[in-house]
Amino acid sequence: MALFGNLSTVRPQLVRRSVFDLSFAYLDDALRPGTVANKRVLGVGLGETNRVELGEGAFSLEQSYNSKPRSEGRLESHISYIDIQVLLAGEEIIEVAEIRTLKVSENLTPAKDLIFYHNSQETSPLRLSGLGATAIFYPNDGHMGGLAIGAPVQVRKIVIKVPVA
């Protein structure tokens, strides 16, 4: 099931794999003010996403977007990748549910590692707020991110896609 908290508390809870070491080294650099990676992430235009290859099949999606009302969100999950989602600015709610409790609305696999689910009231809200706020989602975790806490705000976030095996 999903892990969440500050990056420093979530990191030691993961099984040691070199691909996680690569991912966390990238995050350490991207969260450090003034680094090339930090400037690149903070420079992502609203509504844009930059992809950065990290090695061993992992990659990062550096994003900037406005949070949205729940009515515009979609529950999703992934089969081939674990999501490490880390906030740099703004705040959002991510709703989470075990996929066994959800009904598939659209399965885009294998062309994309993406499955969408019908809306569900059986989710649990997770609040991400502040630099380094982190949530990790496994293939059994349905999640709906980018949800506004009150009025929409600009969110800067990194989503690292780590291969499952």
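The values are calculated or read from the model by the stated rules, or taken from the named source; none is laboratory data. What you are looking at is a predicted structure, and each value in this text was computed from that prediction instead of being measured. Because the Cβ atoms are built from the backbone with ideal geometry, glycine has one as well, and the counts that use them run over all protein chains shown. Remember, those area values only see protein heavy atoms, side chains included, never the ligands or the DNA or RNA. Shrake-Rupley method; radii C 1.70, N 1.55, O 1.52, S 1.80 Å.
Taking amide H as placed 1.01 Å from N in the peptide plane, the amide H of L147 sits under 5 Å from that of K68, I93, each at least 5 places away or on another chain.
Each part reduced to its alpha carbon centroid, the range 1-40 and the range 53-68 end up 12 Å apart. Distance between the 7 Å Cα→Cβ label points at R70 and E98: 2.1 nm. Label separation (A111 vs R17): 2.7 nm, computed from points 7 Å beyond Cα along the C-beta direction.
Among residues other than S60 with Cβ under 12 Å from its Cβ, the summed charge is 0 (Lys and Arg +1, Asp and Glu -1).
One chain, two ends: V164 and Y138. Fully extended at 0.36 nm per residue, the span grows by 8.5 nm beyond their Cα-Cα distance. Against the set (i) 132; (ii) 185; (iii) 111, the structure's computed volume of the Cα convex hull per residue in Å³ falls on (iii).
Once the Cβ-Cβ distance between R40 and V153 is put in as r, and R0 is 25 Å, what FRET efficiency do you end up with, to the nearest 0.05?
Once rounded, the FRET efficiency stands at 0.75.
Heavy-atom accessible area with a 1.4 Å probe sorts V44, V153, largest first, into V153, V44. Were the residues from D28 through S80 laid out at 0.36 nm apart, the gain over their Cα-Cα distance would be 16.3 nm. Please compute the net charge surrounding P163, taking Lys and Arg as +1 and Asp and Glu as -1 over other residues with Cβ under 11 Å from its Cβ. Taking every Cβ under 11 Å from that of P163, the sum is 0. Sequence-ordered 3J(HN,Hα) estimates for the range 101-107 from the Karplus curve with 6.51, -1.76 and 1.60 and θ = phi - 60° stand at 9, 10, 10, 5, 9, 7, 10 Hz, glycine and proline given as x. Relative to the current alpha-carbon distance between S129 and E56, full extension at 0.36 nm per residue lengthens the span by 23.3 nm. Couplings for the range 77-90, taken from phi via the Karplus curve 6.51 cos²θ - 1.76 cosθ + 1.60 with θ = phi - 60°, read 8, 9, 9, 8, 10, 9, 9, 10, 10, 10, 7, 10, 7, x Hz in order; Gly and Pro are left as x.
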